[in-house]
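Undergrad: Below is the structure I would like to discuss, written out as structure tokens.
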Amino acid sequence: MALNEESAEKRKSARLAILELANMISVPMSLNAIVRLKVADAIWQGGSNAPLSASQILQRIASTGSDPENLQRILRMLTSYGVFEEHLTNESSPLDGSASERKYSLTEVGKTLVTDTEGLSYAPYVLQHHQDALMKAWPLVHEAVLDPTTEPFVKANGEPAYDYYGKQPEMNELMLKAMSGVSVPFMEAMLDGYDGFKGVERLVDVGGSAGDCLRMILKKHPGVRQGINFDLPEVVAKAPIIPGVTNVGGDMFKSIPDGDAIFMKWILTTWTDNECKLIMENCYKALPMGGKLVACEPVLPKDSDDSHRTRALLEGDIFVMTIYRTKGKHRTEEEFKQLGQSVGFSHFRAFYVDYFYTVLEFQK
């Protein structure tokens, strides 16, 4: 191929790439639509996962008058992103008159949207990210560069995200359900691959919400005799009663209950470096010599690449910047290590046990 022909092909490829990026909003919005329509559960049907046409799916999820052609358009697009698998049958299509009818089953990606026996899936996580208040913040991402003192979410909605959630029971409930759907698979992987809770008798979970993580830890490690579910007073007031767990309300920026070990998940990433230091200082004060802080956080790789994991972590970093804190962020392993050393933790270890979170252990 001549040099000018090669350059022309590269320019064509570049133009296609930028068109895809410019239209990328179609992907999360279509995913949001699929979740709202409960398409994954309709196809799964207790594990059958038999390929269905758009018309057959609608017979299971919607009333008359729904449009199978529009659903098929969404399914085709998400098939190109690996959410569905497309099957071409020998039957003629009633939608476009073609010789083959398109049917769809769930891929491994699509199966993450199926509701399990405990009522959990990744579907609420999708919905939580695309609520109206959050969507209003995204056109203002550039403002985080021009004015990092105020989050795009605040500029769009007039107050910080956590304050806003607190006044919107439905939003708060959806966020908690979304976090449970993500947390349970992670905690299962963590408890299978991390043994740092051995010898711990009193464990404090900072930001423990409903106590789901403590429940799982205590079940796996019966040697933990007392769990302290520590969160804001209005949060723990709604927490269920769990044997062996005491709900304690407070403010992690002021003090943290004493324990042999302190656990937290997705806490540090939403705060600035100085705020993280304050939280970690309070953890340090609450621990005995030899005690440890176990923090499960998204950890950025040193190098950038186009893997699903790296993209998910970098996209999550922009989410934090836009919604929670402009200077809250996902950090590298080295950045976390330096934060720990700055408040007195002398030993640091990192354990990769999951696709997204890393277990960070800071020992006093």
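The values are calculated or read from the model by the stated rules, or taken from the named source; none is laboratory data. Every value quoted in this text rests on a predicted model; they were computed, and no experiment measured them. For neighbour counting, all protein chains shown are included, and Cβ atoms are generated from backbone atoms with ideal geometry for every residue, glycine included. The accessibility values were calculated without ligands, DNA or RNA, using every heavy atom of the protein model including side chains. Shrake-Rupley method; radii C 1.70, N 1.55, O 1.52, S 1.80 Å.
Undergrad: Can you report the number of residues in the stretch 172-201 which are assigned to a loop (DSSP other than H, G, I, E, B) and either hydroxyl-bearing (Ser, Thr, Tyr) or without any contact (Cβ under 8 Å) to a residue 40 or more places away in the chain (or both)?
TA: Of the stretch 172-201, the ones assigned to a loop (DSSP other than H, G, I, E, B) are 194-201.
Still in the list and also either hydroxyl-bearing (Ser, Thr, Tyr) or without any contact (Cβ under 8 Å) to a residue 40 or more places away in the chain (or both): 194-195, 198.
Of the residues in that region, 3 qualify.
Undergrad: Does the stretch 34-70 hold any residues that are under 18 Å from Lys111 (Cα atoms), among the hydrophobic types (A, V, I, L, M, F, W, C) and open to solvent by less than 30 Å² (accessible area, probe 1.4 Å), and which are they? Break it down stepwise before answering.
TA: Just the residues of the stretch 34-70 that are under 18 Å from Lys111 (Cα atoms), to begin with: 34-54, 57, 60-61.
This time we only want the ones that are among the hydrophobic types (A, V, I, L, M, F, W, C), so: 34-35, 37, 39-40, 42-44, 50, 52, 54, 57, 61.
Selection gives Ile34, Val35, Val39, Ala40, Ala42, Ile43, Leu52, Ala54, Ile57.
Undergrad: Restricting the stretch 113-142 to residues that are assigned to a loop (DSSP other than H, G, I, E, B) and open to solvent by 60 Å² or more (accessible area, probe 1.4 Å), which is nearest to Lys327 (Cα to Cα)?
TA: The qualifying residue nearest to Lys327 (Cα to Cα) is Lys136.
Undergrad: Related question: Do we find that Gly223 is surrounded by fewer than 19 Cβ atoms within 10 Å (Cβ to Cβ), closer than 25 Å to Gly193 by Cβ and either in contact with an Asp or Glu (Cβ under 9 Å, 6 or more places away or on another chain) or of a type in the set (Val, Ile, Thr) (or both) in this structure? Walk me through it before giving the result.
TA: On the way: surrounded by fewer than 19 Cβ atoms within 10 Å (Cβ to Cβ): yes; closer than 25 Å to Gly193 by Cβ: yes; either in contact with an Asp or Glu (Cβ under 9 Å, 6 or more places away or on another chain) or of a type in the set (Val, Ile, Thr) (or both): yes.
Yes; evaluated as a whole, the condition is true for this residue.
Undergrad: Does Gly227 count as modelled with pLDDT of 90 or more and in a loop (DSSP other than H, G, I, E, B)? Break it down into steps so the answer makes sense when it comes.
TA: On the way: modelled with pLDDT of 90 or more: yes; in a loop (DSSP other than H, G, I, E, B): no.
No.
Undergrad: Looking at Ile241 and the list (1) in a loop (DSSP other than H, G, I, E, B); (2) touching a residue at least 40 places away in the same chain (Cβ under 8 Å); (3) closer than 23 Å to Val184 by Cβ; (4) aliphatic (A, V, I, L, M), which single condition is not satisfied?
TA: So Ile241 meets the others, but not (2).
Undergrad: Applying the selection to the stretch 1-55, what residues are polar (S, T, N, Q) and either in contact (Cβ under 8 Å) with a residue 24 or more places away in the chain or not in a helix (DSSP H, G or I) (or both)?
TA: Result: Asn23, Ser26, Ser30, Asn32, Ser48, Asn49, Ser53, Ser55.
Undergrad: Turning to a different aspect of this structure: Assigned to a helix (DSSP H, G or I) and either out of contact with any Asp or Glu (no Cβ under 9 Å at 6 or more places or on another chain) or open to solvent by less than 50 Å² (accessible area, probe 1.4 Å) (or both), is that true of Val145?
TA: Working: assigned to a helix (DSSP H, G or I): yes; either out of contact with any Asp or Glu (no Cβ under 9 Å at 6 or more places or on another chain) or open to solvent by less than 50 Å² (accessible area, probe 1.4 Å) (or both): yes.
Yes; evaluated as a whole, the condition is true for this residue.
Undergrad: Right, next: All but one of (1) open to solvent by less than 80 Å² (accessible area, probe 1.4 Å); (2) under 24 Å from Gln128 (Cα atoms); (3) modelled with pLDDT under 95 hold for Leu21; which doesn't?
TA: All conditions are met except number (1).
Undergrad: Could you tell me how many of the residues in the stretch 242-269 are of a type in the set (Asp, Glu) and touching a strand residue (DSSP E or B) at 6+ places or on another chain (Cβ under 8 Å)? Full working, then the answer.
TA: In the first step, residues of the stretch 242-269 are kept if they are of a type in the set (Asp, Glu); the result is 251, 258, 260.
Cutting the leftovers down to touching a strand residue (DSSP E or B) at 6+ places or on another chain (Cβ under 8 Å) gives us 258, 260.
Final tally of qualifying residues: 2.
Undergrad: A follow-up question, please. Residues of the stretch 71-93 being of a type in the set (Ser, Thr, Tyr), over 24 Å from Glu20 (Cα atoms) and surrounded by fewer than 16 Cβ atoms within 10 Å (Cβ to Cβ), which ones? Spell out the reasoning first.
TA: So in the stretch 71-93, the residues of a type in the set (Ser, Thr, Tyr) come out as 79-81, 89, 92-93.
Those still in the list that are over 24 Å from Glu20 (Cα atoms) too: 89, 92-93.
Once the filter is applied, which keeps residues that are of a type in the set (Ser, Thr, Tyr), over 24 Å from Glu20 (Cα atoms) and surrounded by fewer than 16 Cβ atoms within 10 Å (Cβ to Cβ), the stretch 71-93 yields Thr89, Ser92.
Undergrad: Considering only the stretch 72-121, state which residues are among the charged types (D, E, K, R), closer than 23 Å to Arg36 by Cα and modelled with pLDDT under 95. Show your work before the answer.
TA: As a first pass, look at the stretch 72-121 and keep what is among the charged types (D, E, K, R): 73, 76, 85-86, 91, 96, 101-103, 108, 111, 116, 118.
Narrowing the set further to residues that are closer than 23 Å to Arg36 by Cα leaves 73, 76, 85-86, 102-103, 108, 111, 116, 118.
Correct list: Arg102, Asp116, Glu118.
Undergrad: Something else about it: Which count do you get for residues in the stretch 101-112 that are in a helix (DSSP H, G or I) and of a type in the set (D, E, K, R)? Write out each step before concluding.
TA: Step one: filter the stretch 101-112 for residues in a helix (DSSP H, G or I), giving 108-111.
If we keep only those that are of a type in the set (D, E, K, R) too, we end up with 108, 111.
Here the count works out to 2.
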